[in-house]
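Worksheet: the structure to be examined is printed underneath.
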Amino acid sequence: MNFILLKNLDNIYKSILPLSISLCLSLTAVAQKTEIDTLVKKFDRHRKNSLQEKLYVHLDRSYYLTGEILWFKVYNVDGTFHRLIEVSKVAYVEILSAENHPVLRAKVALSNGCGDGSIFLPASISSGNYQVRAYTNWMKNFEPEVYFRSSITILNTFKEPDAPTTTDERYDAQFFPEGGNLVSGLKSRVAFRVTNSQGVGIEFKGEVFDENRNVVASFSPHKFGIGNFYFIPSVNQTYTAVITDAHGSTSKYKLPIANEEGYVMSIRDTLESQIAITVQSSGRANQTAIPFVYVIANTRQMISVAEAKVIQSGKALFLINKKDLGDGISQLTLFDDKLQPVAERLYFNLPEKKLELKVQTDQLLYRTRKKVKLEIASENNFHKPESANISIAITRNDSLSTIDHNNIQTYLLFTSELKGRIESPEYYFQVLDNEALDNLLLTHGWRRFSWKSIMEGKKSIASYIPEYRGHMITGRIIDELGNPITGVSTYLSIPGKNIQLYSSKSNEHGGIQFETNYFFGPKKIIAQAEPGKINSYRIEMNDPFSEKFATYPLPLYHSKPEQEKQILERSVAMQTQDIYQSKKLNNFSNSTFDSLSFYGKADETYVLSDYTRFPTMEDVLREYVPGVLVRKRKDNFYFRVPDNVNRTIFKDNPLVLLDGLPVFDLNKIMAFDPTKIRKLEVMRRKYYLGYSSFSGIVSYTTYRGDLGGFELDPQSVSLDYEGLQQRREFYSPKYETKKQIDGRIPDQRSLLYWNPSITTDKNDKYQIEFYTSDMDGDFEIVVEGITKGGLAGSARSSFKVSK
């Protein structure tokens, strides 16, 4: 009987045990679901608190001669949905040398997420390959890799090219374990990238040796010096890669050290609609009672997949549908059971949704000086018809450019999410080469944010704020010892006929910032502090351009003998245009701004030439300016202005300005020559400027708006400053009459048409007309654009011109 009882109890235990395990797993799964939901919420909160801007710049071409003009269009989109955004109102565009030295710079106004500009390339630039980069003030809070970057070639035909820099044959070889780390005893895939000094991939053969000189892996590049190999590392071994180039030279490189325990993550396509993520683990992970791991996939900070799996026999397998991932590059991150990130990979999902642009001319062959009719059509099969913001360049195809380029779609979805300069980025979209694409993601993959800040829920403190009203000029005020001065009112003046004045109060670091409006072109700026608060100070103004630079190797420039004829022809054409059309090439449109001074319409205005000219400023004010009462005590002048609102007289001095410059010593303005003054304006009411308030305003304006030789406060700082770029008008002549067609002035335009501000109509079509020049040959049409919903697209077409 006891035997039967024991047997029954054994059966009962056997039936209860699976139920207990199942219940345990169910409870654990619920807990893990809660944990992963918490992580997703933290991630989403971080995304909402960390706005990402992304710029794309459409250049009119990629090969320039000094003396020509580089035209560009800037698109500013949010980093997640790629929709045009109106956060920043200023973009910074630079041309950098191979050594990251700024050669030319421009500040461009942005409106409705777009802006355009031009840069004249002077003869002081040496021949070579250069980098164009662009960013906003807000983007300066992040690493410089997030800035837009593209390569161009500039040739100076007026001077001999610099002697080519002699470089050794040492190569840059980098090795990247898939997922992030090598782990002892686990089979790992290691990607590699070997390039020369110009960042160009090389052909070679390689082997990996252990400490005993045993070959554990052999490898060679698949494309552009990039490839991968497999091997199983040991924790007590140091591995050396030896590469042999095409000339037989060998170089040695150390591989990353293998960890004793950890995780290895690998990705592969299984079916057309799925990807498989295999996770291997060793060490502590295998000793956990229920070893959960998590995979989170996000596309531009939008989480699309969040799954948990149990590691069994040291492995776990995740199957993810490709359609669940967003278009472009997704970041796949592996977390352990403590929700700590332990491995990461990138995956590229070819976009299904895009803006289809079509370009068609009314003919394929034209004569010189003939009208070309062109139609741009945009199609979108996934959404309702949307208008698209488009830019177009039509240039002569002289086959001089040898640098690879992106278009707006490849940049936004692909290149901008990778690190470093991508060799031949268009290859990955034009050729179905999954191996090359996977190798690229293994070697150029990176993230824009830190998981640590997400997990801890910390808000990053921005050093640079968005310029959402206009260009911001910043600096700091310090004492003689270099210590910051806090709580002091400072003023920034931009002398001119259009009175501009801005104020700021220094913060705890002595920082000051002035948010300017309608500041275009080169002007003088003057910064000074309000007197009486401090005896001695120094103001230092900041450079608005970024001082951080990313590694972006450029190939050395080499002119080819077969290009000499084309270069000569283009150089002659450039010089001809400069001789005959220089005025039209340098015609700038007037910037749209309010011609009123910053204080608006004055209560009283006096044009001094309408009155009798008096020899002193005191006589002028006393004789015919009733809005300013002049008082003098102990050899010091004081002004009192009637208050029109309260029907009294202010007890304090008004704000006195000379061409927008605050003058706090009234004796100096009273000693100024009144014959230099064109106009005097008076505000007879309280006026507030930033943190400061004034008992009226008395504003003097000279004839030239240049202060008329007024002596500045020696502690103030005066700088020649470049405001926002004035808009250059693109010159495109018309040949409508016989007289115009037969005109003897040569037309040697190689850039026939440039228009950065096209918006397709409700029918998704846009028509333009332009005229060919005197130059024959093949001409290329490049159109790029983006819809309101964030779909980007580009198109190319061509036509011929014959004499």
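Taken together, the values in this text are just the output of simple stated rules run on the coordinates, not laboratory data. Quick caveat: nothing in here was measured; it's all calculated off a predicted structure. No Cβ is skipped: glycine too gets one built from the backbone with ideal geometry, and neighbour counts run over all protein chains shown.
Listing for the model above:
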{"item": "Principal axis dimensions, segment 439-595 - Cα atoms, whole angstrom, descending", "result": "69, 54, 33"}
{"item": "Within segment 63-100, trypsin sites (Lys or Arg not before Pro) in DSSP loop having at most 15 other beta-carbon neighbours inside 10 Å", "result": "R83"}
{"item": "Under-25-angstrom lysine pairs by C-alpha in segment 516-627, whenever the two are 8 or more apart or on separate chains", "result": "4"}
{"item": "Candidate lysines - alpha carbon under 27 Å from K254, same-chain residues fewer than 8 apart omitted", "result": "K187, K205, K223, K419"}
{"item": "Estimated [θ] at 222 nm from DSSP helical runs (n ≥ 4, -39500 (n - 2.57)) normalised by residues in the chain, nearest 500", "result": "-4500 deg cm²/dmol"}
{"item": "19 Å Cα-Cα reach of K371 towards aspartates and glutamates, excluding residues that sit fewer than 8 places from it in its own chain", "result": "D362, E736, D742, D747, E769, D774, D776, D778, E780"}
{"item": "Nonlocal amide H pairs with Y753, under 5 Å, H built at 1.01 Å", "result": "I394"}
{"item": "Mean Cβ count within 10 Å, highest first, over the residues of peptides 481-493, 188-200, 562-574", "result": "188-200, 481-493, 562-574"}
{"item": "Phi-based couplings in Hz for segment 312-325 (Karplus 6.51, -1.76, 1.60; Gly and Pro marked x)", "result": "10, 6, x, 9, 8, 10, 10, 10, 10, 6, 4, 5, 6, 8"}
{"item": "Lys, Arg +1 and Asp, Glu -1 on Cβ, resulting dipole of the chain about Cα centre, debye, nearest 20", "result": "1820"}
{"item": "Computed over segment 178-261: relative contact order in percent, which uses C-alpha pairs under 8 Å that are six or more apart", "result": "35"}
{"item": "FRET efficiency, Q430 to E261 (Cβ-Cβ, R0 30 Å, nearest 0.05)", "result": "0.10"}
{"item": "Alpha-carbon radius of gyration plus Dmax, which is the widest Cα pair, for segment 305-392 in Å", "result": "23.7, 76"}
{"item": "Normalised contact order of segment 627-735, rounded percent, pairs of Cα under 8 Å and 6 or more residues apart", "result": "23"}
{"item": "Loop trypsin sites (Lys or Arg not before Pro), segment 387-442, which have at most 16 other Cβ atoms in a 10 Å radius of their Cβ (DSSP)", "result": "K419"}
{"item": "Simple spin-label estimate for F158 and K370 in nanometres, 7 Å along Cα-Cβ", "result": "3.7"}
{"item": "Sorted largest first, extent of the chain alpha carbons per principal axis (Å)", "result": "128, 82, 57"}
{"item": "In nm, spacing of pseudo-spin labels at R213 and D776 (7 Å Cα→C-beta vector)", "result": "6.9"}
{"item": "Over segment 582-740: Rg over Rh, Cα atoms, Kirkwood Rh", "result": "1.13"}
{"item": "Length-normalised contact order of segment 101-195 in % [C-alpha pairs under 8 Å, at least 6 apart]", "result": "20"}
{"item": "Rg/Rg_globular for segment 493-586, with Rg_globular taken as 2.2 N^0.38 Å and Rg from C-alpha atoms", "result": "1.93"}
